[in-house]
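Participant: Take a look at the following structure, please.
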Amino acid sequence: MVTTAQRVLAGLARVKERGISLGRRPLEDSDAARVDPVGRSRRSLAPASFRRDLTTQPPATIFRTSSAVFGVTETDKLLNRRELCLGALPAVGTITAALSSTSALAAGTVSVSAGRTVKIHDNTIVPALGQGSARLGQGRHPEAAEEEALRTGLSLGMTLIDTAEIYGNGNAERLISHVIAGQRDRVFLVSKVWPSHVAGNGIERACDASLARLGTDHLDLYLLHWPSGITEFSGVVTAFENLVSAGKIRAWGVSNFKVSHMEQLFHVPHGDRCATNQILYNLGDRGMERDLLPWCEQHDMPLMAYSPLGGPDAGLLRDLALARIGAARGCSAAAVALAWTIRNGKVIAIPESGSAAHVKENAVALALTLTPEELEALDAAHPPPGR
Ligand SMILES: NC(=O)c1ccc[n+]([C@@H]2O[C@H](COP(=O)([O-])OP(=O)(O)OC[C@H]3O[C@@H](n4cnc5c(N)ncnc54)[C@H](OP(=O)(O)O)[C@@H]3O)[C@@H](O)[C@H]2O)c1
C-alpha cells in the first residue's frame, strides 16, 4: 500500500533526479494581472460589501469516509493516530531523509499526515492540499504540461481537484477529464455552479453539463460559486439535495459566503448539510479569522481556501518571512505558505499550478509542520485581524 508519505517522497526523489530546484521560480511583473478565468477582474466578481468582508476573514477543511479516503491510506491514519509530527525536524531535507527510512515509518517515528487531512460532516476524509484549475486549459501553459502537473499532484497525494463550469467556459473541466480518465476513483472531484444558473432546474442542467465535460457520472462535491443575486437559499438546497438523491453528487457546499449568508443558509431546511464554504484565505488575507473561521469551527465545518499563494500572480511568494523560513527548512516559500494555510486540520488549500515542478514544490507542504516559532514569525509579519 502506497502512503501519502511515500508518494511525497517518491516525488521529491524524482525532483532530485531531474535536478529541479526546490526553490521558487522568480516572479515576473507580467504575473501581476489578477484576472478571473472568465476574463473579468476577480475582485469585480464580488459585490463591494463582500470584497470588504473578504479582506477581514479566516479558513477551513474537508471530507468523506470509510477506509476509502481520497489519497490517504490506512497506514497514514495509523501514523496520524500516533500524533507524531515533523515540526521538530529542522528541514525538509531532514524530513525526506527520515521518510526514506522504511524502518522509521514502520516504527511510527515519522508521520507526514498529522493534520494533513480534513474530515467533512459525513466523515469523508480528503487531503488538506488539493489542486485548483481556474486558469487551466486556457493557453497559459501547453495543455500536456498542465495535464502532467495535475497527474503529478495526484501521484503526490493532492487528490482533490477543484474546478467550475465557468473556468475557461468549461475548458478546465474538459482538461481535467483527460487527467482523471482511468483513475476517477482516486480523485475527489469538486465543481461549482454559477449563481445566474440556479433559477428553475438550472442547477441540475449545469450539473449535467459539468458531468459531461468531466466525463464522469458523479461529483464528490458541488458548490454554489457565489451567493450574489440569490435572496433565498431553499431552492438551491432542494436542488442540491435532489442531485444527492439522484447519485449525481455526493455532497454539496457553498463558496464566497459571509457569516450572514451562512446563518441564512442554516435557517433553511437541510441547509446545515452544507459540507464546506470555499473562500479566499492565505497568509496575506486573514480577514476570515475574525468571524467566518470561528463560525465554521463552531459548526464543525471545514473551509476550503482558494488563492492560497496569493492568487494568479502568486504575489505572496515574494514575502520575505516565507522565504526566510523556506530557506531554513530547505523548501520553497510556496510550501511554507501552504503549510501555514493547512496548519490546523480544518482548512483545505487548493493551489493552482500548470507546472509539474511547481506542483512538486507545493506537495512538500503535506510533509511540513511549522514550528511555534515559525508561526509566530509569520504572525509578526502578517498579524491576524484585531492584533
Ligand atoms: N470559489 C472562488 O470564487 C474561487 C476564486 C479563485 C480561485 N478559486 C480556486 O482556487 C484555485 C487557486 O487559486 P488561484 O488560482 O486564484 O491562486 P493561487 O493558487 O494562490 O496561485 C496560482 C498561481 O501561483 C503559481 N504557482 C503555483 N505554485 C507555484 C510555485 N510553487 N511557485 C511559484 N508559483 C506558483 C501558478 O503559476 P504556475 O501555473 O506557473 O505554477 C499560478 O499563477 C483556483 O485555481 C480555483 O480552482 C476559487
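Participant: Quick check: anything in region 154-169 out of contact with any Gly (no Cβ under 9 Å at 6 or more places or on another chain), modelled with pLDDT of 95 or more and at positive phi? Can you show your working first?
Facilitator: Narrowing region 154-169 to residues out of contact with any Gly (no Cβ under 9 Å at 6 or more places or on another chain): 164-166, 169.
Remaining after also requiring modelled with pLDDT of 95 or more: 164-166, 169.
Subset that is at positive phi: 169.
Among the residues of region 154-169, at least one is out of contact with any Gly (no Cβ under 9 Å at 6 or more places or on another chain), modelled with pLDDT of 95 or more and at positive phi, which makes the answer yes.
Participant: Residues of region 182-223 being of a type in the set (S, T, N, Q) and touching a strand residue (DSSP E or B) at 6+ places or on another chain (Cβ under 9 Å), which ones? It would help to see each step written out before you state the result.
Facilitator: Let us first name the residues in region 182-223 that are of a type in the set (S, T, N, Q), namely 183, 191, 196, 201, 210, 216.
Within region 182-223, S191, S210, T216 meet the criteria.
Participant: Something else: Please state which one of G330, G310 is in contact (Cβ under 8 Å) with a residue 12 or more places away in the chain, out of contact with any Phe, Trp or Tyr (no Cβ under 6 Å at 6 or more places or on another chain) and open to solvent by less than 20 Å² (accessible area, probe 1.4 Å). Outline the logic, then answer.
Facilitator: Values: G330 fails: open to solvent by less than 20 Å² (accessible area, probe 1.4 Å).
Within the list G330, G310, the selection yields G310.
Participant: Continuing with the same structure: Suppose we filter G182, G170, G202, G153 for residues that are more than 16 Å from the ligand (Cβ to nearest atom), open to solvent by less than 60 Å² (accessible area, probe 1.4 Å) and either more than 14 Å from K248 (Cα to Cα) or not polar (S, T, N, Q) (or both); which single one remains?
Facilitator: Values: G182 fails: open to solvent by less than 60 Å² (accessible area, probe 1.4 Å); G170 fails: more than 16 Å from the ligand (Cβ to nearest atom); G153 fails: more than 16 Å from the ligand (Cβ to nearest atom).
From the options G182, G170, G202, G153, the qualifying one is G202.
Participant: Okay, next question. Looking only at region 214-225, filter to residues that are surrounded by fewer than 20 Cβ atoms within 10 Å (Cβ to Cβ) and farther than 18 Å from V254 by Cα; which one of those is farthest from the ligand (Cβ to nearest atom)? Even if it seems obvious, please write down each step before you answer.
Facilitator: If we filter region 214-225 for residues that are surrounded by fewer than 20 Cβ atoms within 10 Å (Cβ to Cβ), which is where we start, we get 215, 217-218.
Right, trim to farther than 18 Å from V254 by Cα and you get 215, 217.
Working: G215: 19, D217: 22 Å.
Residue satisfying both the conditions and the ranking: D217.
Participant: Of the residues that sit in region 310-337 and are under 20 Å from T371 (Cα atoms) and assigned to a loop (DSSP other than H, G, I, E, B), which one is nearest to the ligand (Cβ to nearest atom)?
Facilitator: Top of the filtered list is S332.
Participant: Could you grab me the full set of residues in region 338-387 that are open to solvent by 20 Å² or more (accessible area, probe 1.4 Å) and in a helix (DSSP H, G or I)?
Facilitator: Residues satisfying the conditions are A357, H358, P372, E373, E374, L375, E376, A377, D379, A380, A381.
Participant: Is it the case that some residue within region 137-149 is out of contact with any Leu (no Cβ under 6 Å at 6 or more places or on another chain), open to solvent by less than 10 Å² (accessible area, probe 1.4 Å), within 14 Å of the ligand (Cβ to nearest atom) and under 14 Å from G354 (Cβ atoms)?
Facilitator: yes
The values are calculated or read from the model by the stated rules, or taken from the named source; none is laboratory data. These numbers were taken from a predicted model, which means no experiment stands behind them. All Cβ positions, even for glycine, are placed from backbone atoms using ideal geometry, and neighbour counts span all protein chains on display. Surface areas here come from the heavy atoms of the whole protein model, side chains and all, with no ligands, DNA or RNA. Shrake-Rupley method; radii C 1.70, N 1.55, O 1.52, S 1.80 Å.
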